[in-house]
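Sharing a structure below in structure tokens format, with a few things to ask.
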Amino acid sequence: MSEDNIESSKAPLIEHFIELRKRVLRSIIVLTISFTASFIFSQDIYLFLVSPYIDVMGPESQMIFTAPQEFLLVKLKIALFGGLLICFPYFSLELYSFISPGLYKDEKIAMAPYFIFSPILFFIGSLLVHYLIMPLALNFFANMQITNNSSNITVLMLPKVSEYLNLITSLIIAFGLCFQLPVLLSLLARVGFVNSDYLKKGRKYAIIIVFLIAAFLTPPDLISQIGLAIPTLILYEISILIVSIIEKKRDNN
């Protein structure tokens, strides 16, 4: 290869790196703004996150923090977590905009839904955690309290603010990731890595794997594990349907 050809091949690569750098810098700026806004409203965000706990324990419910700096660290975690959630759609848009020039028109049309539905599915998983899973799990834990007994001891559920945040954020991440299953399987089907017959035959193994993953990602209570496993299995069945539709369209073409 001549020196001119080598230099010409380097030029587009440098341009790609420059564009990538610009997109990364824009993403960092958006994340910084989102982080700042989330930190300003971190107390309101936390009160929203603990609303399932308040609904279960009543308006006089209490939480504690055992270190002076603990609630400040909680607010910083909320700011980072909230900033990332807010920026998730923007990150997806930047990623799609970066790779789309290298795609054909039909490939752009095929890839667009994945970047659209991925944040939506993550958001749906988060809502399921807040409005269904957390109330069920907290009711289960609250029933373990000891209030009226003859042994002259009271055992109350008074969670630390940091532990509650770790619990609900871990559940949101777990559900959000598992809700990406249709996106992942349909993408693998488009590249020919899986097909509907393969997914149907692997259904019994999928059930075992899903429950194992649910046991690993969720707290050690049956409600959270079943609450994650059942929607994931439903999404697996929906994925089979989506993959079948993809195969039919590909056969017709």
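What follows draws every value from the coordinates through simple rules; no lab data is involved. The shown structure was predicted, so the numbers you read here are calculated from the model rather than taken from an experiment. Using ideal geometry, Cβ is built from the backbone for each residue, glycine included, and neighbour counts are taken over all protein chains shown.
Filter the range 221-253 down to residues that are crowded, with 17+ Cβ neighbours inside 10 Å and among the polar types (S, T, N, Q) and give me whichever is nearest to the chain's Cα centre (by Cα).
Thr232
Further question: Considering every residue within the range 205-220, establish whether at least one is within 18 Å of the chain's Cα centre (by Cα) and of a type in the set (S, T, N, Q).
Among the residues of the range 205-220, at least one is within 18 Å of the chain's Cα centre (by Cα) and of a type in the set (S, T, N, Q), which makes the answer yes.
Of all residues being acidic (Asp, Glu) and part of a helix (DSSP H, G or I) in the range 49-107, which is farthest from Phe141 (Cα to Cα)? Just the residue, please.
Among those residues, the one meeting the criterion is Asp106.
Which of the residues that make up the range 59-75 are among the aliphatic types (A, V, I, L, M) and either surrounded by 15 or more Cβ atoms within 10 Å (Cβ to Cβ) or closer than 30 Å to Met111 by Cβ (or both)?
If the condition is that a residue be among the aliphatic types (A, V, I, L, M) and either surrounded by 15 or more Cβ atoms within 10 Å (Cβ to Cβ) or closer than 30 Å to Met111 by Cβ (or both), then Met63, Val74 are the ones that fit.
From Tyr198, Tyr205, which residue is surrounded by 13 or more Cβ atoms within 10 Å (Cβ to Cβ), more than 30 Å from Pro68 (Cβ to Cβ), out of contact with any Phe, Trp or Tyr (no Cβ under 9 Å at 6 or more places or on another chain) and not acidic (Asp, Glu)?
Details: Tyr205 fails: surrounded by 13 or more Cβ atoms within 10 Å (Cβ to Cβ).
So the residue among Tyr198, Tyr205 that is surrounded by 13 or more Cβ atoms within 10 Å (Cβ to Cβ), more than 30 Å from Pro68 (Cβ to Cβ), out of contact with any Phe, Trp or Tyr (no Cβ under 9 Å at 6 or more places or on another chain) and not acidic (Asp, Glu) is Tyr198.
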